[in-house]
1. Less than 19 Å from a label point 7 Å out along the Cα-to-Cβ axis of Asp12: which backbone N atoms in segment 433-459 qualify, by residue?
2. What full-extension length gain, to one decimal in nm, is calculated for Arg193 and Glu59 as 0.36 nm per residue of separation minus the Cα-Cα distance?
3. Loop only per DSSP, at most 12 neighbouring Cβ atoms within 10 Å: give me the trypsin sites (Lys or Arg not before Pro) in segment 393-480, ordered by residue number.
4. Of all DSSP beta bridges in the chain, what percent run antiparallel (nearest 5)?
5. When DSSP beta bridges are limited to those with both residues in segment 256-400, what percentage is antiparallel, rounded to the nearest 5?
6. Please arrange Phe295, Phe379 by counting, for each residue, the other beta carbons lying within 10 Å of its beta carbon, fewest first.
7. Report the full-extension gain for the segment Arg81 to Glu312: residue separation times 0.36 nm, less the Cα-Cα distance, to one decimal in nm.
8. Given a cut-off of under 8 Å on Cα pairs at least six residues apart, what relative contact order in percent is computed for segment 123-253?
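The numbers here are math on the coordinates, done by the rules we state, and not lab data. These figures come from a predicted structure and were not determined experimentally. When we count neighbours, we look across all protein chains shown, and the Cβ atoms used for this are built from the backbone with ideal geometry, even at glycine.
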Amino acid sequence: MADHHRARIEFDPRFTVAEVPARLFGSFVEHLGRCVYTGIYEPDHPSANADGLREDVLELIRELGPTMIRYPGGNFVSGYRWEDGVGPKEDRPRRLDLAWGVTETNQFGLGEFMKFCRTVGVEPNMAVNLGTRGLQEALDLFEYANHPSGTYWSDLRRSHGDEEPYGIKLWCLGNEMDGPWQIGQRTATEYGRIADQTARALRMIDGSGDLDLVACGSSSRGMPFFGAWENEVLTHTYESVDYISAHAYYQPQDGDLASFMASAQDMELFIDGVIATADAVGAKLKSDKKINISFDEWNVWYMHAPSGERDEPWPVAPRQLEDVYSAMDAVVFGSLLITLLRRCDRVTAACLAQLVNVIAPIMTEPGGPAWRQTTFFPFAEASKYGRGTVLNVNADSPVFETKKFGEVPALHSVAVANEDGSVTVFAVNRDLETPMTLEIDASSIQAGDVTVSTLTGERDAKNTLDDQDRVAPAANGDVTVKDGTITIELPAMSWNTIRIA
Ligand code: AHR
C-alpha cells in the first residue's frame with residue numbers, strides 16, 4: 001500500500017453540470033424524539049423567544065444554512081392528524097404516535113412550523129398523510145394552508161391568527177409508503193393511484209401552476225422492489241408530480257470501514273437507478289417532461305444502535321436516535337454532499353435528515369446548551385460556498401480497495417463556480433490511512449488567493465456536551481500556487497473546502 005497518494009483535478013468554467021438548486025441544502029424536522037420538543041421548541045428555555053423557539057438553536061441553524069425544511073415526518077406523518085396541531089394550544093389533544101411509540105402533545109403544529117420557517121428564512125416542505133388518511137384530509141390541509149379566505153378551512157386559519165395564506169409550494173405525497181414499518185403501507189399500484197389523485201386534486205385547489213409535488217420512491221436502494229416501485233408509481237403519476245423521492249442512510253457494516261468511507265458510491269448508484277427508471281417511464285409515455293429526484297432523507301445513521309430512553313410506555317419527547325457523530329462520520333457525510341452537488345442536474349432537492357437532536361448536526365440539552373456535531377461543518381461550508389454552478393471536473397486519483405464497491409478513487413471532489421467569480425472545490429480524501437497531495441490545475445481561471453479549511457482528526461473524535469468543540473475545521477496552510485497549479489496536502493480521512501479567489 002502506498003504511504004502517500006497523489007491526485008490531480010482539472011476543470012474549466014465553460015464546461016458545467018448545472019446550477020446548484022437552492023433546495024439542495026434542505027433539512028428535515030420530524031416529530032420524533034427531541035427534534036421538535038426541547039430541540040427547536042422549548043418555551044421554558046432561557047433563550048426561548050415569544051414563540052417558544054430556542055434562540056440559541058435558531059442561531060446555529062442560521063449558521064448551518066439550510067434552505068428548505070421538510071415537516072412533520074417521516075414515519076410520523078403516516079399517523080398524523082394535522083388538525084390536532086392548530087388552534088388554541090390548551091385545546092389540542094394528546095395522541096399516541098405509533099410510528100415512534102410515544103405520546104404527541106401537539107403543542108407544536110403547522111402554525112408554529114410556519115413561524116419557525118419565517119424566523120430562520122427557509123422554504124417549508126410539507127408532507128401529507130397518505131397512511132391512515134387520504135385525499136380529503138390532504139385537500140383540507142392544503143386549503144387551510146394556502147387558500148386566502150372565504151372558506152371553512154381558510155377562515156379557520158385566519159381565526160387562528162394567520163391572516164395571510166402560507167403559500168407552501170413544495171409538498172410530499174406521503175412518506176416511505178413501500179416500507180413494512182410504515183403505518184398504512186401500500187403496494188406500488190395502490191400508492192401510485194392515491195398519489196396521482198391527490199396531486200391532481202391539490203393542483204385544482206392551487207390554481208397557481210406553481211406547485212412542486214413529490215411522489216414517494218423506494219425507502220432505500222436496498223428495498224426488494226427498488227426500481228419496480230418507481231416504475232409503477234411513476235407510471236401513475238408521471239404527469240401529475242415533479243419529483244420522486246430517494247432516502248439513504250449509511251453506517252459501517254461488520255466493521256468494514258473502507259466500504260463505509262465509500263458510501264457515496266451507493267448513493268451514486270441509487271441516483272443512477274432512479275433516473276434511469278424515471279426516464280424509462282417518460283420514454284414509454286412519450287413525455288417531454290423530466291422527473292427529478294428529491295433526496296429528501298440522507299445522512300449517516302447508526303441504525304442498529306439503541307434508539308433511546310424507554311423507561312415508561314408512551315413517553316413524551318424521549319431521547320431517540322441521538323447519534324453522536326465522529327470525525328470519520330463527518331468525512332463520509334461530506335462525501336455524500338459532494339455526490340448531491342455532482343448530480344444536481346437531476347437531484348434538485350435534498351434534505352439532511354434531520355436538523356436537531358435526531359441524527360442531527362445540532363444537539364441540545366433541555367434547559368441547557370446547544371452545540372455543533374462534527375457533521376455540522378461540511379453542511380455549513382457546502383451551503384455557504386457551494387452556491388453557483390457545478391463544473392465538470394476531470395479527476396485522476398489513486399484508488400483504495402473496498403469489499404462492497406471494489407476499487408474506489410480515494411479522492412472525491414466537486415468544483416463550484418461561485419456567483420462572485422471565485423471557485424470552490426470540495427474535496428474528500430476517503431482513504432483512512434494515506435494522506436494525499438492534491439494538484440488542482442487552475443489554468444482555466446486566474447487563481448488569486450487560495451484558502452483551505454480542513455476537517456480531520458482521530459477517527460472516533462466527537463463533540464459532546466462536555467467537550468463541545470473537539471472537532472472543527474481548521475485552516476490548512478499546506479498550500480502552494482505555482483504556474484497555474486495549486487498544490488494542497490490533504491490528510492488521510494479528511495473533508496476540505498478549497499476557496500480559489
Ligand atoms: O429520519 C428518520 C426516519 O427514517 C424517518 O421517519 C423515515 O422516513 C425514515 O425511515
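1. It comes to 440-447, nothing else.
2. Details: separation 134, 0.36 × 134 = 48.24 nm, distance 4.22 nm.
Fully extending the segment from Arg193 to Glu59 adds 44.0 nm.
3. Details: sites: Lys403, Lys404, Arg430, Arg459, Lys462, Arg470; in loops: Lys403, Lys404, Arg430, Arg459, Arg470.
The qualifying sites are Lys403.
4. Values: 57 of 97 bridges.
Percentage antiparallel, nearest 5: 60.
5. Working: 4 of 9 bridges.
If we restrict to bridges inside segment 256-400, about 45 percent are antiparallel.
6. Working: Phe295 29, Phe379 23.
Lowest to highest Cβ neighbour count: Phe379, Phe295.
7. Details: separation 231, 0.36 × 231 = 83.16 nm, distance 2.42 nm.
The Arg81-Glu312 span can extend by a further 80.7 nm.
8. Values: 212 pairs, mean separation 33.4, N = 131.
Once divided by the residue count of segment 123-253, the mean separation gives 26 percent.
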